[in-house]
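The values are calculated or read from the model by the stated rules, or taken from the named source; none is laboratory data. Since the structure is predicted, the reported quantities are computational estimates derived from the model, not experimental observations. Glycine gets a Cβ as well: all are built from the backbone with ideal geometry, and neighbour counts include every protein chain shown. When the accessible area is computed, the model is the full protein with side chains, heavy atoms only, and any ligands, DNA or RNA have been set aside. Shrake-Rupley method; radii C 1.70, N 1.55, O 1.52, S 1.80 Å.
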Amino acid sequence: MAMSDARRISEAVGSWLHFEFACYRGGLFSESVLKAAVGSVLSSFPIGVDGARVHAEVRHCALGNLRRLDYALCLRSGNQIVDSVQVAVESKWADSSHCTAENIGHDLMRLILVKRANPSAKCIFLLAGSVNSLALILKKSPFSKVSERNSGLRTTETPTRITFNYNKPTHKEAFAKAIKDWGEERSIPSGFVAKSYGLHPQQTDSRTVRFQAIAWEVTEVATKDLNNVTLW
């Protein structure tokens with residue numbers, strides 16, 4: 001069975017971090033180091049359109065002039081706004097002060113809007129960092145380890161359906177700012193479905209793995225719009 005794009009990216013980035021750490025380069029790790037790893041694995045993907053390449057800081061028509069995708073496999077000339085992508089990736093470094101529930105919510109909203117505009121695109125959120133920092137982040141919004149419906153993104157392969165609900169504290173913490181900001185400019189989908197493929201590399205019994213990565217693919221976006229944006 002073919003490996004999913006999200007799993008391929010998380011396994012590649014997690015393995016790369018483990019390799020770099022084994023080479024005593026862990027002290028260089030920050031969010032910026034993900035560019036080399038993500039760029040390398042995305043560049044290995046089959047190209048769906050002649051001339052498509054991997055680019056960073058991509059302007060997409062679904063996001064407007066100011067907001068950009070971290071990475072995208074797409075056809076682009078210069079710094080023009082693209083109207084379609086083959087793969088879109090947003091990433092966060094778990095050890096960074098920028099890795100907050102609110103900022104993760106904004107990243108996911110970018111992917112949701114791009115997925116709505118390009119239904120065939122693979123839209124992936126990547127989270128990587130030290131094992132301890134990842135564990136802390138995954139205990140907070142918008143993530144959840146429980147199986148309760150509409151609670152939060154899970155780390156298992158079971159798809160998670162999130163229907164935005166302003167009465168849920170976890171939803172408000174992660175998505176309220178993104179919904180308010182984006183809702184001033186465009187309609188917001190009422191929810192989305194995302195699927196993860198677990199942490200990579202998998203932890204050993206003796207806990208020798210110090211850095212990991214995990215990714216979620218936004219596989220579906222609600223066709224219905226969120227009709228209570230002002231309540232957020």
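Please return the ranges of strands (runs of 3 or more DSSP E) entirely within segment 129-232 where 2 or more residues are open to solvent by less than 70 Å² (accessible area, probe 1.4 Å) and within 19 Å of Trp93 (Cα to Cα).
The strands (runs of 3 or more DSSP E) meeting that bar are 211-221.
Is it the case that some residue within segment 57-64 is open to solvent by less than 60 Å² (accessible area, probe 1.4 Å), small (Gly, Ala, Ser) and either free of Cβ contacts under 8 Å to residues at least 40 places away in the same chain or in contact with a Phe, Trp or Tyr (Cβ under 6 Å, 6 or more places away or on another chain) (or both)?
no
Considering (1) surrounded by 14 or more Cβ atoms within 10 Å (Cβ to Cβ); (2) over 26 Å from Thr155 (Cβ atoms), say which one Gly51 fails and leave the rest.
Condition (1) is where Gly51 drops out.
Pairs needed: first member in segment 139-167, over 20 Å from Ala6 (Cβ atoms) and basic (Lys, Arg); second member anywhere, modelled with pLDDT under 90 and in a loop (DSSP other than H, G, I, E, B); C-beta distance under 8 Å; at least 6 residues apart or different chains.
Every condition considered, the pairs that remain are Lys139/Lys145.
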